[in-house]
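Take a look at the structure set out below.
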Amino acid sequence: MTSPENLTRKIIKAHLAAAYLPPAAGADVKIKIDQTLTQDATGTLAYLQFEAIGLGRVRTELSVSYVDHNTLQTGFENADDHRYLAAAASKYGIIFSPAGNGVCHQIHLENFAAPGKTLIGSDSHTPTAGGIGMLAFGAGGLDVACAMAGEPFTIKMPSVVGARLTGKLKVYATAKDVILEILRRLTVKGGVGKVMEYFGPGVKTLSAPERATIANMGAELGATTSVFPADEVTRKFMREAGRLSDFRLLSADAGAKYDEVVEIDLSSVEALAAAPHSPDNVKKLSEIAGLKVDQVCIGSCTNSSLADMVAVARILKGKKVHPNVSCVVSCGSRNVLLTLDKNGFLSDIIKSGARLMECACGPCIGMGQAPSSGAVSARTFNRNFEGRSGTLDAGVYLVSPITAALAAVCGKFVDPKKYIKKSLSGALPRLDVSRDMFVRPSKKPSFVEIKRGPNIRPLPAFGEFPTSLEGDVLIKLPDNISTDHILPAGAKILPLRSNIPAISEHTLSAVDAGFVKRAREKSGGIVVAAQNYGQGSSREHAALALKYLGVNLVIAKSFSRIHLANLVNFGVLPAVFADKADYDSIAQGDRVIVENLTAPDGVLGATLTARLPRLKRSITLEVKLSERDREIVRVGGLLNYIRKKTADSEGKTS
């Protein structure tokens, strides 16, 4: 008789590439991947990496290439990338979603996500699909390229946190407030190495889009992923999307055990906001009520569903946006936009004075709509890191669509409890579903020509890891440095994602304008950081640019999951201080010498000794990587590792 299992372990067990399920958290687990997704800010590099592997066709059940990030075409760069992405999709067996079709996570939820399947995407908010019972992971583009090549996705077996939901949300509280409450309790580091699995009687009171909102912002906890059961609510969502054949009932077994349990009474959840400059800096709306708001942005992969937009339209109907507020609205998909139009809601939004934007990520990733100097911006997005909006001194607050719409009308934050007396999500129209904008791959791939513009540069090649390291500490960083700090987004830098030499010039520019010059003058060096280094976006460029600049070693108190994997994938050694107090004693400019990096058998060591001549002492560093990951670093990155593995395999069979 088998023990009852939680949903996370069930799905992992069904997708094991190896023969057994690791009994405890922390062991390497190889998972077969059913689906992949990319978006255009990370996709070009991912497909260049797939081409470097050398296969003529993807080996997944489904792969989709979305264009939703770099949709501002202020030069040829983005347009060239989109042309390349369309051709690569056609040639290699990938569905292509062109600009204007919508935000990848919203569209994938509507069209392709399925309970019990596995998905990895080159975007950290890929766990959105967990809202309908899918095990979906954010990853670097190279991991996605390998999955498209049929390679399993290797992660540390996560512990599983059971989030038990009871009660029902008040009419003024939303799913956004639920995940903000969880962030308030657990912080941006609270989910590292964990899956958030939702269960309990409160789950059935949440719609599929509401569940997707919560799963989406689980990424801000640092969680490996988040997942909800697939139940009758899920069945209804998939029936309305015309995909009932993809549905299956799926939940944890009765009596399933969790490594931790978090209790959340939905009826006690208040309207909340994440204040500047972190998603876990959570305040009650009653605490910030009266604060003047200069800008309101409604949309993003977190809050752009039909239900979200209908709620906004119902608040704005017959009212005007405050004259001192700039308000923009962007739907998550073309289908949502068309449904709003068909049912009169779009007119209510436009007549209020709100500006309608393209169905894309837009201001969430700094692609336009930067606030004015010192402005307060209320956004229904998922991140509010300093400078991410495009304006360094702006204060960004993360709020629900209800809170944002009220702020747009009132010109200040108000507590929704005082204004919302009945449900805004009742009597929703049915989503009009059309899939005619997706471009299917060519049936004659050999005839497809792939053009590369001048900004699409070849992948940098890296050799094997050195057997010893000596270099200066180029920079010392505090807690919670995000990938936005390491390599900013925005309309200026995002178009350079397919040009590593060019984009590397912006590395850590948001923190220290002299970093790149210093790294070049010293021919590379070492980066030192504190807790949760690399949180936020999955952008692998934040690791690749460091490697390109000659950084082979990053020493931190702790790393975020995706960025740690990206460092490994590009042959940068992530090490942690064995004694965290050593972080305090080390300084920028210190010389660090690490000898005997590899053992006699050639394996990169798990414990290293670093000499610090200025301090006249040595410190111990720990390399908390599996033997496989240490070998990937040793050979110079994941592409080299796969090429070596393929060559070894061919040698044995020849």
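Quick note: the coordinates plus some simple rules give every number you see, no bench work behind them. Values in this document were obtained by computation on a predicted structure and should not be read as measured data. Positions of Cβ are backbone-derived with ideal geometry, glycine not excepted, and every protein chain shown enters the neighbour counts.
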Quiz item: Any idea how far apart residue 585 and residue 350 come out in nm if each label point goes 7 Å out from Cα toward Cβ?
Solution: 6.7
Exercise. Give the Rg (one decimal place) followed by the Dmax (whole number) of region 272-418, computed from C-alpha coordinates and expressed in Å.
Key: 13.8, 40
Quiz prompt | Whole-number Å³ per residue for the convex hull built on Cα positions in the chain | solution = 156
Quiz item: At a Förster distance of 30 Å, what's the computed FRET efficiency of residue 439 paired with residue 73, Cβ-Cβ distance as r, to 0.05?
Solution: 0.95
Practice problem: Between the alpha-carbon centers of region 20-82 and region 227-261, tell me the distance in whole angstrom. | Solution: 26
Quiz item: How much length, in nm to one decimal, is gained on full extension between residue 236 and residue 419, taken as 0.36 nm per residue of separation minus their Cα-Cα distance?
Solution: 62.8 nm
Quiz item: Can you work out ³J(HN,Hα) from phi for every residue in region 207-212, in order, using Karplus 6.51 cos²θ - 1.76 cosθ + 1.60 and θ = phi - 60°, giving whole Hz and x for Gly and Pro?
Solution: 6, 4, x, 5, 4, 5
Quiz item: If R0 is 45 Å, what FRET efficiency do you get for residue 626 and residue 253 from their C-beta distance, rounded to 0.05?
Solution: 0.95
Practice problem: Please work out the Cα center distance from region 293-311 to region 120-144, rounded to the nearest Å. | Solution: 22
Quiz item: What is the extension gain from residue 166 to residue 446, computed as 0.36 nm multiplied by their sequence separation minus the C-alpha to C-alpha distance, in nm to one decimal?
Solution: 95.3 nm
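Rounded if a/c is under 1.5, else prolate if a/b is larger than b/c, else oblate: which is region 1-99, with a ≥ b ≥ c the root eigenvalues of its Cα gyration tensor? Walk me through the numbers on the way to the answer.
Numbers: a/c = 3.05, a/b = 2.43, b/c = 1.25.
Taking the square roots of the gyration eigenvalues as a ≥ b ≥ c, region 1-99 is prolate.
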Quiz item: Roughly speaking, what is the stretch gain from residue 492 to residue 427, that is 0.36 nm per residue apart minus the C-alpha to C-alpha distance, in nm to one decimal?
Solution: 19.1 nm
Practice problem: Quick one: work out Rg over Rh on the C-alpha atoms of region 469-648, Rh as Kirkwood radius. | Solution: 0.95
Practice problem: Please go through the residue pairs 117/156; 13/557; 624/645; 522/580 and name each one whose alpha carbons sit more than 21 Å apart in this structure. | Solution: 13/557; 624/645; 522/580
Practice problem: Tally the DSSP beta bridges in region 1-123 and give the antiparallel ones as a percent, rounded to 5. | Solution: 10
Exercise. Just report the Cα centroid separation between region 535-588 and region 324-382, whole Å.
Key: 36
Quiz item: Amide H neighbours of residue 154 under 5 Å, counting only residues 5+ apart in sequence or on other chains, H built in-plane at 1.01 Å?
Solution: 31
Self-check item: Share, in percent, of DSSP beta bridges within the chain that are antiparallel, nearest 5
Solution: 35
